[in-house]
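The values are calculated or read from the model by the stated rules, or taken from the named source; none is laboratory data. Just so you know, these numbers come straight off a predicted model, no measurement behind them. Glycine gets a Cβ as well: all are built from the backbone with ideal geometry, and neighbour counts include every protein chain shown. Side chains included, ligands, DNA and RNA excluded: accessible areas come from the protein's heavy atoms. Shrake-Rupley method; radii C 1.70, N 1.55, O 1.52, S 1.80 Å.
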Amino acid sequence: MTARSTVGVSSPVPGFWLNPSHRGKGVTSAALKLAVEFIGESSIPNLTARTIPENTASQRVLERAGFTLVGRNVSVVPSGKEVELLNNQRSTQV
């Protein structure tokens, strides 16, 4: 699994990708739970996560981790394409 966090203006943005041979085993959910706990020990009140509408697996992971959909926007991704993104957020205070 690879993970990265981009600190946004208002909250960190965790990102995740998991090798297909390890998907469906709860690995990403467990890692995201640890990230929420770790960030919760800081003074950062929220995490924001983004997915494309077609990525229902990531949306389920985010839902299970307590994220809620807070909006949609169009953004330019690293490939240079404009895509619709679903913006999710959750409090880091557990």
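Data table
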item: Sulfur and carbon atoms: percent of accessible area, the chain [1.4 Å]; result: 56
item: Within-13-Å neighbourhood charge of VAL76 [Cβ basis; K, R +1; D, E -1]; result: 0
item: Theoretical ellipticity at 222 nm over the chain - DSSP helices of four or more residues, -39500 (n - 2.57) apiece, nearest 500; result: -7500 deg cm²/dmol
item: Of PRO12, PRO20, PRO45, the one that fluctuates the most in a GNM where the chain has Cα springs shorter than 10 Å; result: PRO20
item: Sparse-neighbour loop sites [trypsin sites (Lys or Arg not before Pro); the stretch 35-94; at most 11 other C-beta within 10 Å; DSSP]; result: LYS81
item: All-pairs Cα distance distribution in the chain, expressed in whole percent, bin size 5 Å; result: 3, 13, 24, 27, 19, 11, 3, 0
item: Within a Gaussian network of the chain (alpha carbon springs, distance under 10 Å), most fluctuating of GLY71, GLY26, GLY80; result: GLY80
